[in-house]
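The values are calculated or read from the model by the stated rules, or taken from the named source; none is laboratory data. Just so you know, these numbers come straight off a predicted model, no measurement behind them. Cβ: placed from backbone, ideal geometry, glycine included. Neighbour counts: every protein chain shown. The area values use the complete protein model at the heavy-atom level, side chains included, leaving out ligands, DNA and RNA. Shrake-Rupley method; radii C 1.70, N 1.55, O 1.52, S 1.80 Å.
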Amino acid sequence: MISFSTSYADYDLGSDYERLISAIKAESSSGASGYYKLPFDTFALDSALAYSACEYFSSITDLVIIGVGGSSLGARALHSALLHSCKHSARRVHFLEHTDPFETKRVLESISLQHTHFLLISKSGTTIESISLVKFLITHFDLLSSANKRHLACITDSGSPLESFAKAQGLECFTIPANVGGRFSVLSLVGLVPLSLLGLDIKALLQGARAMMESFFAGGERHIINKATFLAKHHKQYPISVLFSYGSVFSDMNRWFVQLWGESLGKSLDKGLDSADSSSTQGEGVGLTPVGLVGSIDQHSFLQLIVQGARDKVVSFLSLDDACAKACKDSSFVVPEYSLAGLESTDFVNGTPFLRLLNLQKQATLETLESCAIPTDSITLERLDEWHIGALVVYFELLTSCTGLLLGVNAYDQPGVEFGKQRLRTYFA
């Protein structure tokens, strides 16, 4: 399971909880976003499993994902967190996420067409970075020839220009619901297809996601709305949300969180529920700036700013239970009972499992922040497996939706991003 704890003040909503859970239920029923239904989509699950079981993939050693933002960050985050459990450990994954020629050159030099599958992911079907990259790959590898086109597949919205192109060329093409935004799409075929190809148990992933979704709507995850209310009510006092993840396995999860949080909540204010800050006015720009940190690495960099800098941050800690090391068969990683001449002052941690040491460092940091009256909360995973990561994904998605509702913003569009795309086009007019 996943445990949650907090030090937030005025965190409990009391009688307001039922009103707020009703509001989020109404939003989920309205179809404003289709991510609420993804954990229950057996058709997507079956499609991804059937595709990854094709005989063709028995000779594939490399998967190249061409996509940017929500088209790649989710799969990257889950794969890196669960790399230790992948059944097809020999299959490597490469991400081409933007038109950096040096990264593209590095990837191309490390693969051969015969053993590589290319997966183009673009919700709109017209993403400039992704389509530019696939144009290059098509010409470089002659991917549209009858002999090579099986090496290229697409994932996009139903009815998009990319779907039309794929059908015309006879390419394998998967489609996702139009009301599933890119940053909320990791539990759709956008994530399920590549993760299945990389050997992850996507059935367990969806089971964990479904368990969190069902528990939330049954009233079992009150802490999500409580936390969202605190963040919305104090968004001017604490405009920065820090996710302090203890373990390098969460580095890409941080990047996924940054997009989910920043792109969903950085908007012009419409109107929020009255539990949020009523001093905000319509049209005002609001948002909670996300920061992703990795412990204990960033204890030696960013922590100083949190402790003695401006008190404008809330900090969420993400970590693994000590028992995870044993479950993942990593219990042999222990600080040796060994002294180095002149460095005896470090011997106090001798005999401590590495994960236990990491968690004690987290606890020391958390207690330090609490002593400074900095709002904190803690998320602890009992296991590092597909079930728990699926539940964690839905936790962050629900928290984002609840916070957006309370702030009074549309968490599912990104007009600011579209402005930049429109301006880019004028440079080529």
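If you rank Leu358, Leu381 by how much accessible surface each has, with a 1.4 Å probe, what is the order from largest down?
Final ranking, largest accessible area leading: Leu358, Leu381.
Using the Karplus curve 6.51 cos²θ - 1.76 cosθ + 1.60 with θ = phi - 60°, what ³J(HN,Hα) values do you get for each residue of the range 95-107, in whole Hz, with x for Gly and Pro?
Taking θ as phi minus 60°, the curve returns 10, 9, 10, 7, 8, 7, x, 6, 5, 4, 4, 4, 5 Hz for the range 95-107.
For the range 38-54, what does the Karplus curve 6.51 cos²θ - 1.76 cosθ + 1.60, with θ = phi - 60°, yield as ³J(HN,Hα) per residue in whole Hz, taken in order and with x for Gly and Pro?
Taking θ as phi minus 60°, the curve returns 4, x, 9, 7, 6, 5, 5, 4, 5, 5, 5, 5, 5, 5, 5, 8, 4 Hz for the range 38-54.
Heavy atoms only, probe 1.4 angstrom, no DNA, RNA or ligands counted: give me Tyr56, Tyr17 ranked by accessible area, highest first. Kindly include the intermediate steps, with their values, before the conclusion.
Values: Tyr56 40, Tyr17 5 Å².
If we order Tyr56, Tyr17 from most to least accessible, we get Tyr56, Tyr17.
Heavy-atom accessible area of Arg255 with all protein chains present, probe 1.4 Å, nearest 10 Å²?
Around 110 Å² of this residue is reachable by solvent.
Restricting to lysine pairs 8 or more places apart or on different chains, what number in the range 33-200 have Cα atoms under 25 Å apart?
Close lysine pairs under the 25 Å cut-off: 9.
Provide the FRET efficiency to the nearest 0.05 for the Ala373-Asn350 pair, computing r from the beta carbons and using R0 = 30 Å. Walk me through the numbers before you get to the answer.
Working: r = 35 Å, r/R0 = 1.15.
Approximately 0.30, to the nearest 0.05.
I need the shape label for the range 203-269. Rule: rounded when a/c is under 1.5, else prolate if a/b > b/c, else oblate, with a, b, c from the alpha carbon gyration tensor.
Working: a/c = 1.96, a/b = 1.21, b/c = 1.63.
Taking the square roots of the gyration eigenvalues as a ≥ b ≥ c, the range 203-269 is oblate.
Among DSSP beta bridges whose residues both lie in the range 33-200, state the antiparallel percentage, nearest 5. Intermediate results must be reported in sequence, preceding the final value.
On the way: 0 of 19 bridges.
Around 0 percent of the beta bridges assigned by DSSP in the range 33-200 are antiparallel ones.
Taking Cα pairs under 8 Å and at least six residues apart, what relative contact order does the range 1-114 come out at, in percent? Numbers along the way, then the final one.
On the way: 44 pairs, mean separation 26.5, N = 114.
Here the relative contact order equals 23 percent.
In nm, give the distance between the simple-model label positions of Thr99 and Arg222, each being 7 Å from the Cα along the Cα-to-Cβ direction.
5.3
First check a/c for the chain, with a ≥ b ≥ c the square roots of the eigenvalues of its C-alpha gyration tensor; if it is under 1.5, answer rounded, and if not, answer prolate when a/b is larger than b/c or oblate otherwise.
Numbers: a/c = 1.73, a/b = 1.21, b/c = 1.43.
Cα axes put the chain in the oblate bin.
Specify the inter-centroid distance of the range 214-261 and the range 120-162, based on alpha-carbon positions, in whole Å.
34
If you take every DSSP beta bridge whose two residues both sit in the chain, what share of them, in percent to the nearest 5, is antiparallel? All intermediate terms of the calculation are to be shown ahead of the outcome.
Details: 8 of 46 bridges.
In the chain, DSSP labels about 15 percent of beta bridges as antiparallel.
Using a Gaussian network for the chain with springs between C-alpha atoms less than 10 Å apart, which of these wobbles most: Phe95, Phe43, Phe184?
Phe43
When the chain is modelled as a GNM with alpha-carbon springs shorter than 10 Å, which of Leu405, Leu133, Leu38 fluctuates the most?
Leu133
Is the shape of the range 33-200 rounded, prolate or oblate, going by the alpha carbon gyration tensor and its root eigenvalues a ≥ b ≥ c, with a/c under 1.5 for rounded and a/b larger than b/c for prolate?
Rounded, because the longest to shortest axis ratio a/c is under 1.5.
With a 1.4 Å probe and all protein chains kept in place, how much accessible area does Ile65 have, in Å² rounded to the nearest 10?
0
In what sequence, largest accessible area first, do Cys154, Cys54 appear using a 1.4 Å probe? The partial results should precede the final answer.
Numbers: Cys154 0, Cys54 55 Å².
Solvent-accessible surface, decreasing: Cys54, Cys154.
Note down the magnitude of the dipole of the chain about its Cα centre, charges +1 on Lys and Arg C-beta and -1 on Asp and Glu C-beta and zero elsewhere, to the nearest 20 debye. Kindly include the intermediate steps, with their values, before the conclusion.
Numbers: 34 positive and 44 negative charges, 190 e Å.
In total the dipole reaches around 920 debye.
Using a 1.4 Å probe on the protein heavy atoms only, what accessible surface does Trp387 show? Give it in Å² to the nearest 10.
Roughly 70 Å² of Trp387 is accessible to a 1.4 Å probe.
Among Ser339, Ser71, Ser296, determine the one that fluctuates most according to a GNM of the chain built with springs between C-alpha atoms less than 10 Å apart.
Ranking Ser339, Ser71, Ser296 by mean-square fluctuation puts Ser339 first.
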